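Notes follow the structure.
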Amino acid sequence: MAVRSPLLNIPSDLARTLRGAFDFSGRSRRTEVWTYLIFGNWAAALILWLLLKLGLQMETEGGQLTLLPTLITLAYLAPIPALIARRSHDIGWTGWTALLVPFTFLISVFDEGGHPSLIGIEKQDLGLLVSVGVAGILLIILIALLPPKGKAATYGPDPRPNEVAEA
């Protein structure tokens with residue numbers, strides 16, 4: 001018996017995440033979460049880098065992002081709450097945990113004066129709002145690392161089909 005490498009599932013994991021971008025039911029595997037967070041982030045960064053190299057202006061004179069980079073970033077971020085909800089189901093937690101993800105992100109982009117800013121760029125200290133953003137990132141990492149609950153979970157069938165292939 002040979003064990004199938006998770007690296008062979010990267011295209012199917014990305015496709016499953018994008019197909020279920022707004023589907024909060026069911027369960028997701030750890031590899032699906034890590035694949036989207038790593039390769040989705042790389043893809044979004046590559047697109048933004050290419051647009052920058054093509055001469056697209058990314059910021060206005062006041063430092064605000066222009067519309068296209070904002071839309072690309074939102075397109076990358078859109079599937080994450082549903083993905084985290086499905087992953088929460090897989091570890092036996094409620095999907096409502098996924099509401100903490102956009103909540104912590106939104107809180108972390110506002111500085112103490114209530115003005116939007118990019119985390120870590122305009123902030124001068126590590127105040128409460130930055131701490132909330134870091135807590136949200138740590139929560140995502142925790143959810144992505146925890147092992148799945150047993151086969152008989154209340155949130156749907158095990159997303160890991162027979163992963164041991166016959167040699």
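The values are calculated or read from the model by the stated rules, or taken from the named source; none is laboratory data. Only a predicted model underlies this, so the values are computations on that prediction, with no experimental measurement involved. Don't worry about glycine lacking a Cβ; one is built from the backbone with ideal geometry, like all the others, and counts go over all protein chains shown.
Results, tabulated for the structure shown:
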quantity	calculated
Exclusive hit being aliphatic (A, V, I, L, M), part of a loop (DSSP other than H, G, I, E, B) and either under 21 Å from residue 97 (Cβ atoms) or modelled with pLDDT of 80 or more (or both), set 167, 152, 144	152
Residues of the range 23-68 that turn out to be β-branched (Val, Ile, Thr) and modelled with pLDDT under 85, as a count	2
Where a residue in the range 78-102 is more than 15 Å from residue 17 (Cβ to Cβ) and its partner, wherever it lies, is basic (Lys, Arg) and assigned to a helix (DSSP H, G or I), with Cβ under 8 Å and at least six apart	95/86
Selected residue (criterion: nearest to residue 149 (Cα to Cα)) from residues of the range 24-41 that are aliphatic (A, V, I, L, M) and in contact (Cβ under 8 Å) with a residue 60 or more places away in the chain	33
